[in-house]
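Presented below is the structure to which this report refers.
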């Protein structure tokens with residue numbers, strides 16, 4: 001029987017004159033006598049056994065009493081590690097009371113997940129073997145054997161050496177659309193049947209080793225006119241224009257910005273906008289075929305409106321963390337990057353110049 005039935009809250013028990021009962025039942029009881037109000041109050045308590053104030057709920061008190069939190073904290077604030085280093089941190093358990101458990105374990109995993117775009121599914125049946133997740137590294141340790149964790153805050157240290165077996169390589173962390181390289185830690189606390197198991201997942205980043213041979217800067221000068229454009233349906237209908245510029249290098253250090261400048265020399269139609277578009281090109285496949293998909297990472301507007309002719313416009317783009325990585329080519333997948341310089345004219349003509357980039361880490 002619920003506790004509320006055995007011991008109704010004080011507000012439901014009428015005093016000798018019925019004042020408390022009249023106060024609980026509201027204005028409708030003001031016209032009732034004290035005995036009638038008390039009877040009505042008692043009847044309501046019997047009809048609704050859960051008629052008590054939320055702050056007095058025995059269930060909420062029990063939940064707050066038994067609440068337990070589980071967390072993973074790494075020693076490095078930026079969570080960045082390299083192959084061969086030791087991943088170290090603590091498992092933090094906070095509880096108001098001692099917690100009985102069936103063991104606490106910690107697992108570490110690095111996986112490459114490949115996904116086919118909707119336009120490729122069903123085209124290459126051979127892909128179904130090559131798009132399975134590729135495991136780069138894995139490990140599992142028992143942090144605490146079955147027993148009891150004391151009340152308060154408990155910190156349990158752990159270490160995972162980031163060593164790979166055989167000829168495997170820890171690729172850099174990368175969050176793409178069709179290629180995803182991710183490293184995670186997962187802590188599990190198993191408990192009895194009556195208590196829910198607790199788990200916590202934490203992602204850490206892996207940076208690839210610096211490239212041994214430093215790539216030399218490769219500046220690119222470009223000029224865009226109607227004659228230099230490709231994939232044009234009606235070249236005669238294009239307005240006359242000339243845009244020239246320079247990228248300081250297409251071999252880019254991933255921690256440094258892409259720089260250059262652009263000048264609109266002439267244009268018959270006013271310029272509406274000039275944008276820099278960073279694009280990821282992801283390729284998934286095998287010997288039988290492959291699927292290559294280009295998707296936008298970010299778009300930066302460097303000019304708006306009809307810019308002054310002959311005025312140098314600076315090009316400056318920072319490569320975003322996680323969404324870019326050093327250019328990568330393996331047996332089953334490739335990750336490449338390109339930048340588009342997009343000029344939009346007021347008559348809605350779209351002029352795009354594409355430049356492949358090679359990103360690397362030093």
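The values are calculated or read from the model by the stated rules, or taken from the named source; none is laboratory data. Please read these numbers as outputs of a predicted model, since none were measured by experiment. Ideal geometry is used to build each Cβ from the backbone, glycine not excepted, and the neighbour counts take in all protein chains shown.
Which condition number in (1) under 30 Å from the mean Cα position of the chain (by Cα); (2) in contact (Cβ under 8 Å) with a residue 24 or more places away in the chain; (3) exposed (fewer than 13 other Cβ atoms within 10 Å of the Cβ) is the one that residue 311 fails?
Unmet condition: (1).
Quick one: count up the residues across segment 78-129 that are in a loop (DSSP other than H, G, I, E, B) and modelled with pLDDT of 90 or more. So that I can check it myself, show each step before the final result.
First, the residues of segment 78-129 that are in a loop (DSSP other than H, G, I, E, B): 78-79, 82-85, 96-98, 102-103, 115-126.
Cutting the leftovers down to modelled with pLDDT of 90 or more gives us 78-79, 82-85, 96-98, 102-103.
Total meeting the criteria: 11.
Looking at (1) in contact with a strand residue (DSSP E or B) (Cβ under 6 Å, 6 or more places away or on another chain); (2) without any contact (Cβ under 8 Å) to a residue 24 or more places away in the chain; (3) under 27 Å from residue 91 (Cα atoms), find the lone condition where residue 204 falls short.
For residue 204, the failing item is (2).
What's the number of the only condition in (1) touching a strand residue (DSSP E or B) at 6+ places or on another chain (Cβ under 7 Å); (2) in the same structural domain as residue 76 (by TED's automatic domain parsing) that residue 195 fails to meet?
Exception for residue 195: condition (1).
Please determine whether any residue of segment 226-234 is under 30 Å from residue 341 (Cα atoms), surrounded by 12 or more Cβ atoms within 10 Å (Cβ to Cβ), under 32 Å from the mean Cα position of the chain (by Cα) and not assigned by TED's automatic domain parsing to the domain that holds residue 73.
no
(1) part of a loop (DSSP other than H, G, I, E, B); (2) within 24 Å of residue 112 (Cβ to Cβ); (3) in contact (Cβ under 8 Å) with a residue 12 or more places away in the chain: which one isn't true of residue 185, the others all being true?
The one condition residue 185 does not meet is (1).
Residue by residue through segment 205-225, note down the ones that are under 32 Å from the mean Cα position of the chain (by Cα) and in a loop (DSSP other than H, G, I, E, B). Give the derivation first.
Here is the first cut: in segment 205-225, the residues under 32 Å from the mean Cα position of the chain (by Cα) are 205-212, 214-215.
Correct list: 207, 208, 209, 210, 211, 212, 214, 215.
Mind listing whichever residues of segment 200-215 are exposed (fewer than 12 other Cβ atoms within 10 Å of the Cβ) and at pLDDT 95 or above?
The one that is exposed (fewer than 12 other Cβ atoms within 10 Å of the Cβ) and at pLDDT 95 or above: 201.
Could you list all residues from segment 253-284 that are more than 37 Å from the chain's Cα centre (by Cα) and part of a strand (DSSP E or B)?
Of the residues in segment 253-284, the ones more than 37 Å from the chain's Cα centre (by Cα) are 263-270.
Of everything in segment 253-284, those that are more than 37 Å from the chain's Cα centre (by Cα) and part of a strand (DSSP E or B) turn out to be 263, 264, 265, 266, 267.
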